[in-house]
Structures are given as C-alpha cells and as structure tokens.
1. Rounded to whole Hz and in sequence order, give me ³J(HN,Hα) for segment 18-24 from the Karplus expression 6.51 cos²θ - 1.76 cosθ + 1.60, θ = phi - 60°, writing x for Gly and Pro.
2. Using θ = phi - 60° and the Karplus curve 6.51 cos²θ - 1.76 cosθ + 1.60, what whole-Hz ³J(HN,Hα) does each residue of segment 58-70 get, with Gly and Pro shown as x?
3. Taking a cut-off of 21 Å between Cα atoms, list the lysines near K112, but don't count ones fewer than 8 places away on the same chain.
4. Cut-off under 17 Å on the C-alpha distance; same-chain residues fewer than 8 positions from K20 excluded. Which lysines are left, in chain and number order?
Amino acid sequence: YDQAAPKEGAPGSSLPTAAKYRALSVEDLSKLLVTRDQQIAKIRAIYEEFHYGVEKKYRRQIFDYHDKAVQFSQVHGQMQSASINMTTVSYTHLRAHETPEHLVCRLLLEKKKITPHSQ
C-alpha cells in the first residue's frame, strides 16, 4: 500500500468517488462499466497466460529432473555392474598368471588374516 497516494476524494485524486459516479449520465456509466469489464478481461487473460506459463515451466523442470534421475540410476547400475565384472575378470586374470612365488605370498597373507595374532 502506497501511503503517498492521494486519498479518495482528495483534491487532484483520480480515484473514483460516489460523487463522481453520481455525476455520470446513465450512458456514460454504462460505457465506463463496459470499459472496466474489458480491462478486467485483459487482466484475467494476462494472469491466466502467466499462470499457465509458470505452471508449464515448472512441470517441464519436474519431468526433466525425473528423467535425469532415471538416467542417473541407470548409469549408476551400469557402472556397478561393470565394476563387479571388472573386479571378477581382473582377479581371475591375475590368478591365471600367478607364479609359484606369488602363490606362496598370497597364501601366507591369507593365513595371516585368518590366524589371530598372539602376543
């Protein structure tokens, strides 16, 4: 609310007053009401267009977010699957090339992990 705005009926005020409406002829009052109805229709159209545009924008953002979340989930699943396959293949591949010395070291390390330390 703008407190600097002139009060209704104050000198220089363009705000309508009951006296201004009473001073209008029926024809002028009818024209004024038609004009006001047209102004209201324009304002309503502007509001509805704005509201629809905002709703459409946010709806699109929500769907985009959902699509990205689904894509991320799919990529994450593929990465996990590839990681498991890579680990299995790599471990099998390493075992295939294991030398007798590597085998002894690995078995000793595994035995050390299983056996509790006694100190």
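1. 4, 5, 5, 5, 5, 6, 6
2. 5, 4, 5, 5, 5, 5, 4, 4, 4, 4, 5, 5, 5
3. Those lysines meeting the cut-off do not exist here.
4. Within the straight-line cut-off, K20 pairs with K7, K31.
Every read-out reported here was derived from the displayed coordinates using simple, explicitly stated rules and does not represent laboratory data. The model shown is predicted, which means the values in this text are computed figures rather than measured ones.
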